[in-house]
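I have placed the structure first, in the form of structure tokens, so that the comments after it can refer back to it.
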Amino acid sequence: MSKMMLVAVLVLCSTRVMATSHHEMRGTTSFAARIGEDASNPPLLVNISRAPHTVEVNLTAAVTRLALQPGVMSHAFAYNGHVPGPTLDVREGDHVIIHFRNELPEATTVHWHGIHLPFESDGSPFHPIQPGESHDYMFTVQRGTAGTYWYHPHPDKRTGFAIGKGLFGAIVVHAADDPLPPMTEKLLVLSDNRFLADGAIDFPDAASSNGGIDEENGREGPVLFVNGKVMPTITIRSGEIQRWRVVNTSAGRIFRLAIHGQTMTQVGTDGGLLESPIDVNEILLATGERVELLVRGGAPGTATTLQNLPYDRYSPQTRPVDWKVTRDLVTLRTTTDAPVRPTAIPVRLRTITPLDTTMATAVRTIVFGQGIINGHTMDMGRVDVSTRVGATEIWDIANIVGMDHPFHLHGFQFQVIDRDGVPEPFRAWRDMLNIPKHSTARIIVRYDDYPGKWMFHCHILDHEDHGMMGVLEVKP
Ligand SMILES: [Cu+2]
């Protein structure tokens, strides 16, 4: 396959910035990313509507110059001047209108990753927005879809570059009736990036050896960011339980998250809460994937770290030499205050109705090769899977090569039936599923609404941009 474009995921501090010389000034202030600063949540998109159950926001993608790394300015792309972009914060049932403006020098889209919405608002490569153009994205947040999602560009062949330049932000959908008690919520937008000595985001020439490695692995960077900050601090009180929503926006990096000395409690996946909380010592978070965790304070005055443990997703030929290094992401500091009584966590969160495998109307075979799906690269003029609204299908996905490929389906959440023949131990809604090297998984999906042409693809962005993607047509 041809050289992949890189991706990067950059990041930076929510900051501000002056636009580049040929763009008007978009703000001032500043920032300077500091190592160890508070991992404060990204800013929220401001709702300009006064109508009930309506969220109306302005979102602009533009070229900016910001301190992505502490003290070093970089040319970047940003949503409303921030990296990560401001969070879209909505409730189930809300009517959402996003007035989007493209001030970038290239075509873009905004893909609302994981949201169940009409095809026209999916922001897929079928609906590019040209430089200088505006577009209103509109959708209604469905009941039962409360959870953590994210938005990012999805233009034809340029997704990795655009996200790497800084275009990504979180979406939080609150439940009409949340079973978890109120507690401090933290959003952790994970990303990584790689820079040249002058601060430029490093996108090597596709024909260079580094470009070839990025194309194979998916572009990774040695600088790990949480909410645009390097190794920030989260403060908690002894006995306190916090709810963390974690989003992996990286182009290629799969995070294997653990808190040193602590068992976490997983309460949610891509599509919202699980049926019951599950204690976990670590979480594997594929590119594009989200998780909700409950995290506990330690003894007063102590500290621990959220870490990224080694995970071998690579083929041996291009595996990074430092892949076995454990990396610190966040300092979790427990205050010296007297302990509080931990909040009681319900043993039951919700019911997820299983999709019935005996009602499946088709079984699709999806084979991941290196850079190809079922032997093809992407052709927007071709339909790879054709079906109808109301159909329920099993997708039997096989990864026949020696590196992981994270699967993503647009528009519809699915349930995992089994992995390598082992039944999934709990039910969950997902739009991402890592398919490890030489493994299989079966998922079940129902197209309950929304005809259109939907993408399915590998979410290693270099692979996606080089054609590891297909078209699912759902006919009315
Ligand atoms: Cu892939």
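Rule-based calculations on the coordinates, nothing more; no lab input. Given the structure is predicted, the values throughout are model-derived calculations rather than measurements. Heads up, the Cβs are rebuilt from the backbone with ideal geometry, glycines too, and the neighbour counts pull from every protein chain shown.
Using the Cα centre of the chain as origin and beta-carbon charges of +1 (Lys, Arg) and -1 (Asp, Glu), tell me which of THR302, LEU349, VAL83 is placed farthest towards the positive end of the dipole.
THR302
Taking R0 as 56 Å, what's the FRET efficiency between THR336 and ILE400 from their Cβ-Cβ distance, rounded to 0.05?
E(calc), rounded to 0.05, equals 0.55.
Projected onto the charge dipole of the range 121-279 (+1 at Lys/Arg Cβ, -1 at Asp/Glu Cβ, origin at the Cα centre), which of TYR151, ALA251, SER238 gives the Cα projection farthest towards the positive end?
SER238
Got a sec? Which residues in the range 390-417 would a label at VAL363 touch, if it sits 7 Å along Cα→Cβ and we count backbone N under 17 Å?
Residues 392-399, 416-417 qualify, since their backbone N sits under 17 Å from the label point.
Take every Cα-Cα pair in the chain and report what % of them are more than 42 Å apart.
For the chain, the fraction of Cα-Cα distances above 42 Å is 10 percent.
Show me 205-214, 75-84 ranked by packing, highest mean number of other Cβ atoms within 10 Å first. Provide the component values of the computation, followed by the final result.
Details: 205-214: 15.8, 75-84: 26.0.
Averaged packing, sorted descending, gives the order 75-84, 205-214.
What is the gain in length, in nm to one decimal, between ASN58 and GLU473 on full extension, counting 0.36 nm per residue of separation less the C-alpha to C-alpha distance?
Full extension from ASN58 to GLU473 adds 146.3 nm.
What Kirkwood hydrodynamic radius, in Å, does the range 44-183 give when the mean of 1/r is taken over all pairs of distinct Cα atoms and then inverted? Mind dumping the intermediate values first?
Working: mean 1/r = 0.0643 Å⁻¹.
Computed over Cα pairs of the range 44-183, the Kirkwood hydrodynamic radius comes out at 15.5 Å.
Restricting to the range 112-260, what percent of DSSP beta bridges are antiparallel, rounded to 5? Provide the component values of the computation, followed by the final result.
Numbers: 13 of 19 bridges.
Antiparallel bridges: around 70 percent, rounded to the nearest 5.
Can you find, among THR334, SER191, GLY381, the residue farthest towards the positive end of the dipole of the chain? Put +1 on the C-beta of Lys and Arg, -1 on that of Asp and Glu.
Value: THR334.
Give me the count of lysine pairs in the chain whose alpha carbons sit under 16 angstrom apart, restricted to pairs 8 or more positions apart or on different chains.
Taking the Cα cut-off of 16 Å, the pair count is 5.
Compare the peptides 415-427, 463-475, 362-374 by average per-residue count of other Cβ atoms within 10 angstrom and give them in order, highest first.
463-475, 362-374, 415-427
Taking the inverse of the average 1/r across all pairs of different Cα atoms in the range 88-247, what Kirkwood radius in Å do you get?
18.0 Å
Rounded to the nearest 0.05, what FRET efficiency is calculated for MET380 and ALA344 with R0 set to 45 Å and r the Cβ-Cβ distance?
Details: r = 51 Å, r/R0 = 1.14.
In this case the efficiency is close to 0.30.
Apply the Karplus curve 6.51 cos²θ - 1.76 cosθ + 1.60, θ = phi - 60°, to the phi angles in the range 299-314 and return the couplings in whole Hz, x for Gly and Pro.
With coefficients 6.51, -1.76 and 1.60, one gets 5, x, x, 9, 9, 9, 9, 7, 10, 9, 7, x, 8, 8, 9, 8 Hz.
Roughly how far apart, in whole Å, are the Cα centres of the range 127-176 and the range 397-462?
20 Å
Where the only charges are on Cβ atoms (+1 Lys, Arg; -1 Asp, Glu), what is the dipole of the chain about its Cα centre, to the nearest 20 debye?
About 740 debye.
Within the chain, what percent of beta bridges assigned by DSSP are antiparallel, to the nearest 5? The partial results should precede the final answer.
Details: 91 of 128 bridges.
The answer is about 70 percent antiparallel.
Give the distance, in whole Å, between the Cα centre of the range 70-110 and the Cα centre of the range 252-324.
One Cα centre to the other: 26 Å.
Report the local net charge at VAL363: Lys and Arg +1, Asp and Glu -1, summed over other residues whose C-beta lies under 10 Å from its C-beta.
0
If each of ASN281 and VAL422 carries a label point 7 Å out from its Cα toward its Cβ, how far apart are those two points in nm?
The two pseudo-label positions are separated by 1.5 nm.
If packing is taken as the average number of other Cβ atoms within 10 Å across a peptide's residues, how do 107-119, 332-344 rank, most packed first?
107-119, 332-344
With Kirkwood's inverse mean 1/r over C-alpha pairs for Rh, give me the Rg to Rh ratio of the range 265-316, two decimals please.
Values: Rg = 13.9 Å, Rh = 13.3 Å.
That ratio equals 1.04.
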